[in-house]
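Enquirer: A single structure is presented below for examination.
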Amino acid sequence: MAGVELLPKEYGYVVLVLVLYCFLNFWMTFQVGKARKKYKVFPPTLYASESENKDAKLYNCVQRGHQNSLEMMPMFFMLMILGGIRHPLIAAALGSLYIVSRYFYFTGYCHRQSRKPFDHREI
């Protein structure tokens, strides 16, 4: 069957976005590893207990930010793969936006416990 095209020629952009998400996930994994050392939470412990570690909330924010991204990964991959078959450029653009949003979600979630609460009287 010469000339039969199963995927559009722009589908490579979808694949590129999926690979970029994997790199983001590897980076988040590295951040969890750094937080484990910094807050002294050793494997196989997934989440720190406040009764055992005074920095449990700080570590748990890093862990939860990464865990949430892992939980969303299968749905993101499936939607990218399926949506990219018909609309590869739109899927790649929206997937790129999602990756940038995931990065800011993770960094914001990791630092939310280290900031003091908002006080409207300081304005």
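Enquirer: Apply the Karplus curve 6.51 cos²θ - 1.76 cosθ + 1.60, θ = phi - 60°, to the phi angles in the stretch 83-91 and return the couplings in whole Hz, x for Gly and Pro.
Expert: Per-residue couplings from phi come out as x, x, 5, 9, 9, x, 6, 5, 4 Hz.
Enquirer: Mind putting a number on the dipole of the chain about its Cα centre? Charges go on the C-beta only, +1 for Lys and Arg and -1 for Asp and Glu, and I need it in Debye to the nearest 20.
Expert: On the way: 15 positive and 8 negative charges, 107 e Å.
So the magnitude is around 520 debye.
Enquirer: Given an 8 Å cut-off on Cα distances and at least 6 residues of separation, report the relative contact order of the chain as a percent. If you can, show how the numbers build up before the last one.
Expert: Working: 92 pairs, mean separation 43.4, N = 123.
Value for the chain: 35 percent.
Enquirer: Apply the Karplus curve 6.51 cos²θ - 1.76 cosθ + 1.60, θ = phi - 60°, to the phi angles in the stretch 29-45 and return the couplings in whole Hz, x for Gly and Pro.
Expert: 4, 4, 5, 5, x, 5, 5, 4, 5, 4, 9, 6, 10, 9, x, x, 4
Enquirer: Can I ask one more? For the stretch 60-73, take each phi angle, set θ = phi - 60°, evaluate the Karplus expression 6.51 cos²θ - 1.76 cosθ + 1.60, and give the result in whole Hz per residue in order, putting x for glycine and proline.
Expert: 4, 5, 5, 4, 5, x, 6, 4, 5, 5, 5, 5, 8, 4
Enquirer: Just from the alpha-carbon atoms, what are the Rg and Dmax of the stretch 11-115 in angstroms?
Expert: Just the Cα atoms of the stretch 11-115 yield Rg and Dmax of 16.0, 52 Å.
Enquirer: Just Arg36, Arg102, Arg86 to compare: in a GNM of the chain, with alpha carbon springs under 10 Å, which one fluctuates most?
Expert: Result: Arg86 has the largest fluctuation of those listed.
Enquirer: Which of Phe77, Phe23 has the fewest other C-beta atoms within 10 Å, and how do the rest follow up to the most? Walk me through the intermediate numbers first.
Expert: Details: Phe77 15, Phe23 10.
So the residues, fewest neighbours to most, are Phe23, Phe77.
Enquirer: Per residue of the chain, what 222 nm ellipticity follows from adding -39500 (n - 2.57) for every DSSP H run with n ≥ 4, rounded to the nearest 500?
Expert: Values: 3 runs with 83 residues, N = 123.
So the calculated ellipticity at 222 nm is -24000 deg cm²/dmol.
Coordinate-derived values only; no laboratory data. Computed from a prediction, not measured in an experiment: that's the story for all the values here. Note: ideal-geometry Cβ built from the backbone for every residue, glycine included; neighbour counts use all protein chains shown.
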